[in-house]
Amino acid sequence: MKPARPALHETTDARLLRLDPRDNVLCVARALSAGTVLSVEGHALTLSRDFAHGDKLACRPITAGTPVLKYGQPIGTATQDIPRGEWVHLHNVKSNYLPTYQHGTQARFFEEEGGWQAGEEQP
Amino acid sequence: MSPEAPSTSTSPSFEGWLRADGRKGIRNVLVVACLVECAHHVAREIALSLRDRGVHLIGFGGCFPNAYADRMMRALCTHPNVGGVLLVSLGCESFNRTGLAEHIRAADRPVETLVIQESGGTRASIEAGQRWTAEALEQLAQQPRVAMSVSELVVGTICGGSDATSGMTANPAVGEAFDRLEAAGATTIFEETGELIGCEGFLAARAERPELKRILAVSIDKAARHYAELGHGSFAPGNAEGGLTTIEEKSLGAYSKSGHAPIQGLLKPADLPPRPGLYLLDVVPDGPTRFGFANINDNAEIAELMACGAHLTLFTTGRGSVVGSAISPVIKICANPATYARMADDMDINAGRVLDGEASLAELGAEIYGRVLRTAAGEPTASERLGHQEFVLTYKTSAPAGPGCLPGG
């Protein structure tokens, strides 16, 4: 039985899991082989590589320097332009978190409400 | 999908036991509490002989005094799910048994203190304890139940035995259920600040008032230092192999259990939430790390949630945790369909169905919410049915919540 989803997601393959309407990545629910054709938000995509369960792929193009959104929150910043359908991981994302007790960065993202400023200097 | 009123097919009201402080319980447990390891055998023999009659064994094993353990035992022995208490003391341990008994008596519960060294030793103490407990159970059975609504529930959540599926299925589904509970006026609590490293900004954005923002961020910072001091890295190669890219992403997987409601305050163990809504429980010790890890296992975390009044715990697991808990039932939510296939009898909710396209996160959230109501109404969870009544309480140094941590405080 097909689960109910908002209209935006009716044309995304059920093997890709969306965690929040704001996300620009989807989670791969089950292993998918290179060459598999999937519908992602109405766009037909052919996977360029094998994907494992738990991998992420871009469901929208992500511009370099902009946030990668999962759970509706930034999980990092794209370090290069990421086309729709591309694998999203360590090779094209960097963490925004600085573990040396400088935790203001993410709070600023929300308090300013203007979102992330591309190319912003980290403190 | 915004939280809406619960469907009428699952009644949001049920019956509970009214306690002296106005709180209501969803169970009427008789607790046998050993006050040092030396009293454990006697306490266990008493409790096990009456295990099918709602008698639960808890206790503190240490002989040296500890303010945190004292505070925790007072809170747990007067938990709304607890109807009566038998304290079992060896006699020479330092636990303040008199203070604890007075505290329980003031909370209008039947209480008895058995001191093994004064009662004639093991055999006589077991017999005396069994006699008292059997009589107390008769008293508990007479205690009336009153109407109770979902808005009077306190629901905690933890994840244990997590794997890559936990952040994709069970945890976000609990977030959906937490949003529904909060919309219904209930109190919800999440914890494990050590799993929220990278989420400081996200937490701060949800603080219900400005002075709480910094308090929340500082609590995560404290956790990061604590785990670093104990040699625990926060992001490991195994995480990247499992598909996680950044520490924020890993922590968000755990953090998604909290849903989207504003955060009302920061609790310390045994703090009672002053008003409904969502709270973060700070489990990390204060000051220099004296006694080791914040919580040595999942049941130590559950003990702290219960001390804050949690009637039940939503427990997500990917790899297959089997534990339940004394006092407050555990609802086990399985994130991984392969684990569910192997261990279905131990699980209450099969959240892995999301990965098979058989359910949406919103539908799972509704299912969990319904299960909460049925559990509150008396339906045993899987771990209750299987007899799981784990309990862990260790030494800790925990300072009171400072100004600004709680609403109105």
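The values are calculated or read from the model by the stated rules, or taken from the named source; none is laboratory data. No experiment lies behind these values; they were computed from the predicted model shown. Because the Cβ atoms are built from the backbone with ideal geometry, glycine has one as well, and the counts that use them run over all protein chains shown.
Cβ-Cβ under 9 Å, sequence separation 6+ or interchain: first residue in segment B:332-346 and under 18 Å from B:G365 (Cβ atoms) and free of Cβ contacts under 8 Å to residues at least 60 places away in the same chain, partner surrounded by fewer than 20 Cβ atoms within 10 Å (Cβ to Cβ) and of a type in the set (G, A, S). Which pairs?
B:Y340/B:G320
For segment B:88-120, give me each residue that is β-branched (V, I, T) and in contact with a helix residue (DSSP H, G or I) (Cβ under 6 Å, 6 or more places away or on another chain).
Matches in segment B:88-120: B:V88, B:I104, B:V111, B:T113, B:I116.
Is there any pair linking a residue in segment B:172-200 that is without any contact (Cβ under 8 Å) to a residue 24 or more places away in the chain to one that is part of a helix (DSSP H, G or I), with Cβ under 7 Å and at least six apart or on different chains, and which?
Partner pairs satisfying both residue conditions: B:E200/A:Q106; B:E200/A:A107; B:E200/B:A217; B:E200/B:I220.
Do you know which residues across segment B:291-345 are basic (K, R) and closer than 18 Å to B:F190 by Cβ?
Once the filter is applied, which keeps residues that are basic (K, R) and closer than 18 Å to B:F190 by Cβ, segment B:291-345 yields only B:K332.
As an exercise: evaluate B:G231 against (1) closer than 26 Å to B:P403 by Cβ; (2) more than 14 Å from chain A (Cβ to nearest Cβ) and give the number of the one condition it does not meet.
(1)
Residues of segment A:47-78 being free of Cβ contacts under 8 Å to residues at least 24 places away in the same chain and farther than 23 Å from B:G201 by Cα, which ones?
Result: A:D50, A:P61.
Looking only at segment A:58-77, which residues are within 11 Å of chain B (Cβ to nearest Cβ) and either touching a strand residue (DSSP E or B) at 6+ places or on another chain (Cβ under 7 Å) or buried (at least 16 other Cβ atoms within 10 Å of the Cβ) (or both)?
Listed by number, the residues that qualify are A:P67, A:V68, A:L69, A:K70, A:Y71, A:Q73, A:P74, A:I75, A:G76, A:T77.
Looking for something of a type in the set (A, V, I, L, M), more than 8 Å from every other protein chain (Cβ to nearest Cβ), buried (at least 18 other Cβ atoms within 10 Å of the Cβ) and not in a helix (DSSP H, G or I) - is there at least one such residue anywhere in segment B:251-265?
So far as segment B:251-265 goes, yes, one or more of its residues are of a type in the set (A, V, I, L, M), more than 8 Å from every other protein chain (Cβ to nearest Cβ), buried (at least 18 other Cβ atoms within 10 Å of the Cβ) and not in a helix (DSSP H, G or I).
What are the residues in segment B:145-169 that are polar (S, T, N, Q) and either under 23 Å from B:L267 (Cα atoms) or at pLDDT below 95 (or both), if any?
B:S151, B:T157, B:S162, B:T165, B:S166 - these are the residues of segment B:145-169 that are polar (S, T, N, Q) and either under 23 Å from B:L267 (Cα atoms) or at pLDDT below 95 (or both).
Give just the number: which of (1) under 24 Å from B:L355 (Cβ atoms); (2) free of Cβ contacts under 8 Å to residues at least 40 places away in the same chain does B:G167 not satisfy?
(2)
Within segment B:14-33, can one find any residue that is in contact with a Lys or Arg (Cβ under 9 Å, 6 or more places away or on another chain), closer than 30 Å to B:S360 by Cβ and at pLDDT 95 or above?
The answer is yes, given that some residue of segment B:14-33 is in contact with a Lys or Arg (Cβ under 9 Å, 6 or more places away or on another chain), closer than 30 Å to B:S360 by Cβ and at pLDDT 95 or above.
Would you pick out the residues in segment B:176-204 that are more than 14 Å from chain A (Cβ to nearest Cβ) and either assigned to a loop (DSSP other than H, G, I, E, B) or of a type in the set (K, R) (or both)?
If the condition is that a residue be more than 14 Å from chain A (Cβ to nearest Cβ) and either assigned to a loop (DSSP other than H, G, I, E, B) or of a type in the set (K, R) (or both), then B:R180, B:A184, B:G185, B:A186, B:E191, B:E192 are the ones that fit.
Exactly one of these conditions fails for B:L373: (1) within 14 Å of another protein chain (Cβ to nearest Cβ); (2) in contact with a Phe, Trp or Tyr (Cβ under 9 Å, 6 or more places away or on another chain); (3) of a type outside the set (V, I, T). Give me its number.
Status for B:L373: all satisfied but (1).
Can you list residue pairs whose Cβ atoms sit under 6 Å apart, with the first residue in segment A:12-30 being closer than 15 Å to A:L45 by Cβ and the second being assigned to a loop (DSSP other than H, G, I, E, B) and of a type in the set (D, E, K, R)? Count only pairs 6 or more apart in sequence or on different chains.
If the second residue must be assigned to a loop (DSSP other than H, G, I, E, B) and of a type in the set (D, E, K, R), the pairs left are A:T12/A:E41; A:R15/A:R30; A:N24/A:R60; A:L26/A:R18; A:V28/A:D55.
Given (1) among the hydrophobic types (A, V, I, L, M, F, W, C); (2) closer than 19 Å to B:E390 by Cα; (3) in contact with a Ser or Thr (Cβ under 7 Å, 6 or more places away or on another chain), identify the lone condition not met by B:A307.
Only one criterion is unmet by B:A307, namely (3).
Restricting attention to segment B:224-250, which residues are more than 11 Å from B:G198 (Cβ to Cβ) and part of a helix (DSSP H, G or I)?
B:R225, B:H226, B:Y227, B:A228, B:E229, B:P237, B:G238, B:N239, B:A240, B:E241
Among the residues in segment B:162-175, are any outside any helix (DSSP H, G or I), of a type in the set (V, I, T) and buried (at least 22 other Cβ atoms within 10 Å of the Cβ)?
Yes, segment B:162-175 contains at least one residue that is outside any helix (DSSP H, G or I), of a type in the set (V, I, T) and buried (at least 22 other Cβ atoms within 10 Å of the Cβ).
Could you list, in sequence order, all residues of segment B:205-228 that are at the interface with chain A (Cβ under 9 Å from one of its Cβ atoms), of a type outside the set (A, V, I, L, M) and in contact with an Asp or Glu (Cβ under 8 Å, 6 or more places away or on another chain)?
B:D221
Can you give me the number of residues within segment B:383-409 that are at pLDDT 95 or above, touching a strand residue (DSSP E or B) at 6+ places or on another chain (Cβ under 6 Å) and not polar (S, T, N, Q)?
Result for segment B:383-409: 1.
Can you work out which of the residues in segment A:38-57 that are among the charged types (D, E, K, R) and surrounded by fewer than 21 Cβ atoms within 10 Å (Cβ to Cβ) is farthest from the other protein chains (Cβ to nearest Cβ)?
Looking at residues that are among the charged types (D, E, K, R) and surrounded by fewer than 21 Cβ atoms within 10 Å (Cβ to Cβ), I get A:E41.
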